[in-house]
Amino acid sequence: MYGELMLRKLARCMVPQAAILLYHRVADTARDPQLLCVSPENFAGHMDVLRSRYLPAPLSARESWQPGSVVVTFDDGYSDNLTNAVPLLRQYLVPATVFVATGFLGDAQRPYWDELADLLLWSAVLPKRLQLTLNGHTRAWEFGSHGPVDPSWNLLGGVSCGRQHAYQVLCDQLRLSTPVQRVETMAQLREWAGRCCADSGERRFLTEQELRRLAEEDVVEIGAHTQNHANLALLSGTEQRCEIAQGRQRLEDICGQPVRSFAYPYGTRQSYARQTQRILQDEGFDCACANFGGAVFPVVSRFQLPRLLVRNWSAEEFAVRLAEYLK
């Protein structure tokens with residue numbers, strides 16, 4: 001009898017308990033070099049698949065997840081999470097958690113990947129040469145008279161000109177920089193570009209008022225995502241705690257409710273450490289989401305929850321990928 005019970009427990013541990021989906025934006029846009037956007041049409045299709053074939057569940061209800069449970073999450077805090085995603089979440093009765101990096105609220109500080117795209121990819125005219133010292137290494141690019149990049153270009157499309165190469169390298173380097181280093185590098189780039197720097201004019205991040213409205217939605221939970229979208233593995237313990245605790249405190253001050261979940265910026269195993277997980281536990285967080293693949297099994301650590309990064313797939317492709325993911 002004891003052996004049979006142990007086999008049953010082992011079998012339960014081998015059955016996927018849930019899948020956590022990672023989105024960033026719900027928007028139609030011609031320019032998406034980071035592939036962060038899912039169109040409203042495709043997002044509606046995804047939500048229909050979840051409602052008709054799976055068990056949509058809140059992140060906070062981990063204790064009640066069961067095979068077939070699917071959790072929707074968004075990273076960063078783009079304004080279209082409120083304007084485009086929420087109406088569809090409401091329509092299909094799908095709950096979601098939005099992880100907000102507070103330093104981007106109201107576009108007080110634009111994320112470097114968006115500002116770099118406006119500056120390097122879409123500017124009509126740029127100086128012909130760029131030289132920068134990044135993390136101790138000097139890099140240089142020649143732009144010549146090459147004009148703006150095709151709006152449909154993205155990071156998976158290969159590199160065919162200096163603008164694309166500079167954007168790709170700078171995104172990689174800034175991902176491996178501290179918030180202070182990023183600020184310094186972006187200041188150099190703005191000075192270099194001068195009046196040539198283009199501004200897309202699109203306000204992409206939530207304002208404080210919009211965040212309050214988002215937090216009031218029955219289908220939405222708010223989670224923390226640091227202040228400055230920091231690569232926590234590069235910071236001291238004190239700096240990590242500041243990014244984590246102060247980011248959450250601002251969210252709680254704005255929303256007037258507790259914030260108990262967290263998502264690691266970037267989310268790879270190299271972008272946080274065991275010390276980061278201990279800090280989250282010390283600060284009273286319930287769980288933390290990462291950005292590497294894998295279904296959630298009962299034995300998975302609640303401070304390293306894997307997620308499926310969702311791209312702009314049709315409903316049919318989404319259904320196939322999710323079914324395969326949960327096998």
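The values are calculated or read from the model by the stated rules, or taken from the named source; none is laboratory data. Only a predicted model underlies this, so the values are computations on that prediction, with no experimental measurement involved. Note that we place each Cβ from the backbone using ideal geometry, even for glycine, and neighbour counts take in every protein chain shown.
The lone criterion from (1) modelled with pLDDT under 95; (2) farther than 29 Å from E217 by Cβ left unmet by V300 is number (2).
Within the range 296-325, being within 20 Å of S64 (Cβ to Cβ), surrounded by fewer than 18 Cβ atoms within 10 Å (Cβ to Cβ) and either without any contact (Cβ under 8 Å) to a residue 24 or more places away in the chain or not basic (K, R) (or both) holds for F297, P298, V299, V300, S301.
Against the condition surrounded by fewer than 18 Cβ atoms within 10 Å (Cβ to Cβ), of a type in the set (V, I, T) and under 18 Å from the mean Cα position of the chain (by Cα), how does T238 come out, does it pass? No, not satisfied. Annotation: of all residues in the range 198-231 being acidic (D, E) and either surrounded by 18 or more Cβ atoms within 10 Å (Cβ to Cβ) or modelled with pLDDT of 95 or more (or both), the one that is nearest to A96 (Cα to Cα) is E221. Among the residues of the range 156-181, those identified as touching a helix residue (DSSP H, G or I) at 6+ places or on another chain (Cβ under 6 Å) and in a loop (DSSP other than H, G, I, E, B) are V159, T178.
Looking at the range 91-102, can you tell me whether even one residue there is closer than 22 Å to H229 by Cβ, of a type in the set (V, I, T) and either surrounded by fewer than 20 Cβ atoms within 10 Å (Cβ to Cβ) or touching a His at 6+ places or on another chain (Cβ under 7 Å) (or both)? Checking the range 91-102: at least one residue is closer than 22 Å to H229 by Cβ, of a type in the set (V, I, T) and either surrounded by fewer than 20 Cβ atoms within 10 Å (Cβ to Cβ) or touching a His at 6+ places or on another chain (Cβ under 7 Å) (or both).
Results for (1) outside any helix (DSSP H, G or I); (2) under 19 Å from the mean Cα position of the chain (by Cα); (3) in the same structural domain as R311 (by TED's automatic domain parsing), shown as yes or no for each residue.
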position	(1), (2), (3)
P67	yes, no, yes
V71	yes, yes, yes
N84	no, yes, yes
F99	yes, yes, yes
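For the range 163-176, name all the residues that are within 20 Å of L121 (Cβ to Cβ) and either polar (S, T, N, Q) or within 18 Å of the chain's Cα centre (by Cα) (or both). Scanning the range 163-176 gives Q164, Q168, C171, D172, Q173, L174, R175.
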